[in-house]
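For reference, the structure discussed in these notes is given below.
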Amino acid sequence: MDGPATLQDYKAAMLLSGVGDALGYRNQLWEYNESGPAIHQELQELGGLQNITVQLPDWPVSDDTVLHLATAEALTTGKEGEELLQDVAARYVEGMKDMERRKPGPSSILGVSQLRPGTAGGFRVPYNPDSTGCGAAMRSMCIGLRYPWPEQLSTLVAVAVETGRMTHPHPTGFLGAVASALFTSYAVQRRPITSWGFGLLKEACPIAKSFVQSQGFAVNETERDWGYFPQKWEWYLELRGLSEGKGPVSWPVSFGPLERDKAYKSFSLDGWAGRSGHDAPMIALDALLAAGSDWKELMNRGGFHGEIETHQTRQHSSSSTVQFW
């Protein structure tokens, strides 16, 4: 899109984030499907993306959209600071009551169960070294819509960090929320997509680290576990030829559903593509770099991919790793 973002763009972003979630989830059938080629085959048997009508009962949204809407609703109140965070926490507690057949991940379930909205500091939960999942990233796109401008970057990061670590206090988890919000703000600013990952590493991550230190909460644990997220993103940007924040993008000669499954596995923390806070936005960015404004291609790459995980490590994933920036 050219020109400044409009109200229609904002509405489309919110709507299509839910549509993409419902499509990738497919009522649990595709979220846990390990084969991208199999998903694409089933998609063709349904008549292709253009012939799917996303509506109930066959295409419910997952837990990601329920909590994304909870985040967005809190942001529309105009509240700021701890008052906003208390409101978000309360909405997460309420939203978790609407999870039948939606498959929230264990970190989201545990984190929300530990929230105590209305009490001092009740929006924070104990540090969880296992909370590396994608749940915080999946519900944070709207933060970038609320704080889209460069002068709002510190606020965007602070809100993304604090709302993210309500359930995912590990930096691999909550920095996924920063990435999702940041990339959305870049989209509103019309920054070149090739620069987004560079901006994440050079602009947002240092602000996030300083913010965590300033809050004095779980600082030692967070600093101990900080390194994986930026290191993996540095690896990804080098892989795509984007280490300096500009193209051209380097693509494999062949990059169909099977090749993408293998590539996305290499992005992942434990072999489960899109499960973690670093690689859910990474897959989405990868899809957007290739698809641009082509909705069908965006879904093919970012929504309809396999998970490829070991069943022993199964926690939570998202086939709908596209946030529609």
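Would you pick out the residues in the range 1-53 that are surrounded by 15 or more Cβ atoms within 10 Å (Cβ to Cβ) and β-branched (Val, Ile, Thr)?
The answer is 19, 39, 52.
Taking residue 37 as the residue in question, decide whether it is out of contact with any Ser or Thr (no Cβ under 7 Å at 6 or more places or on another chain), at negative phi and not in a helix (DSSP H, G or I). Step through it out loud before you land on a result.
Details: out of contact with any Ser or Thr (no Cβ under 7 Å at 6 or more places or on another chain): yes; at negative phi: yes; not in a helix (DSSP H, G or I): no.
So residue 37 does not fit the description; no.
This table checks each residue for (1) farther than 15 Å from residue 168 by Cα; (2) surrounded by fewer than 18 Cβ atoms within 10 Å (Cβ to Cβ); (3) modelled with pLDDT under 95; (4) not hydrophobic (A, V, I, L, M, F, W, C).
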position: 94; (1), (2), (3), (4): yes, yes, no, yes
position: 98; (1), (2), (3), (4): yes, yes, yes, yes
position: 108; (1), (2), (3), (4): no, no, yes, yes
position: 126; (1), (2), (3), (4): no, yes, no, yes
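Could you list, in sequence order, all residues of the range 238-282 that are at pLDDT 95 or above and among the hydrophobic types (A, V, I, L, M, F, W, C)?
Hits for the range 238-282 are 239, 242, 249, 251, 282.
Would you pick out the residues in the range 118-164 that are part of a loop (DSSP other than H, G, I, E, B) and either closer than 18 Å to residue 211 by Cα or small (Gly, Ala, Ser) (or both)?
The initial filter retains those residues of the range 118-164 that are part of a loop (DSSP other than H, G, I, E, B), namely 118-132, 134, 139-140, 147-149.
118, 120, 121, 122, 123, 124, 125, 126, 127, 131, 140, 147 - these are the residues of the range 118-164 that are part of a loop (DSSP other than H, G, I, E, B) and either closer than 18 Å to residue 211 by Cα or small (Gly, Ala, Ser) (or both).
Enumerate the pairs (first residue in the range 83-109 and on the phi > 0 side of the Ramachandran plot and in contact (Cβ under 8 Å) with a residue 60 or more places away in the chain; second residue anywhere and small (Gly, Ala, Ser) and buried (at least 21 other Cβ atoms within 10 Å of the Cβ)) with beta-carbon separation below 7 Å, excluding pairs fewer than 6 apart on the same chain, so at least 6 apart or on different chains.
Matching pairs, first to second residue: 103/62.
Would you please name the residue that is nearest to the chain's Cα centre (by Cα), looking only at residues in the range 54-89 that are surrounded by fewer than 18 Cβ atoms within 10 Å (Cβ to Cβ) and assigned to a helix (DSSP H, G or I)?
So the residue we want is 73.
Can you list the helices (runs of 4 or more DSSP H) lying wholly within the range 183-294 that have 1 or more residues being touching a Lys or Arg at 6+ places or on another chain (Cβ under 9 Å) and of a type in the set (Lys, Arg)? Before the answer, list the steps.
On the way: elements: 196-199, 205-215, 219-224, 228-239, 257-267, 279-291.
Where helices (runs of 4 or more DSSP H) fall fully within the range 183-294 and carry at least 1 residues being touching a Lys or Arg at 6+ places or on another chain (Cβ under 9 Å) and of a type in the set (Lys, Arg), they are 257-267.
Tally time: how many residues in the range 170-195 are surrounded by fewer than 24 Cβ atoms within 10 Å (Cβ to Cβ) and aromatic (Phe, Trp, Tyr)?
Looking only at that region, the number is 1.
What do you reckon, is residue 242 hydrophobic (A, V, I, L, M, F, W, C), under 26 Å from residue 300 (Cβ atoms), buried (at least 18 other Cβ atoms within 10 Å of the Cβ) and free of Cβ contacts under 8 Å to residues at least 40 places away in the same chain? Before the answer, list the steps.
Details: hydrophobic (A, V, I, L, M, F, W, C): yes; under 26 Å from residue 300 (Cβ atoms): yes; buried (at least 18 other Cβ atoms within 10 Å of the Cβ): yes; free of Cβ contacts under 8 Å to residues at least 40 places away in the same chain: no.
So residue 242 does not fit the description; no.
For the range 184-195, name all the residues that are within 15 Å of the chain's Cα centre (by Cα) and over 14 Å from residue 156 (Cβ atoms).
none
Which of the residues belonging to the range 71-96 are more than 18 Å from residue 19 (Cβ to Cβ) and of a type in the set (A, V, I, L, M, F, W, C)? Talk me through it step by step, then tell me what you get.
Filtering the range 71-96 for residues more than 18 Å from residue 19 (Cβ to Cβ) gives 73-96.
Within the range 71-96, 74, 75, 84, 85, 88, 89, 90, 93, 96 meet the criteria.
The values are calculated or read from the model by the stated rules, or taken from the named source; none is laboratory data. Given the structure is predicted, the values throughout are model-derived calculations rather than measurements. Every residue, glycine as well, gets a Cβ built from its backbone with ideal geometry; the counts of neighbours run over all protein chains shown.
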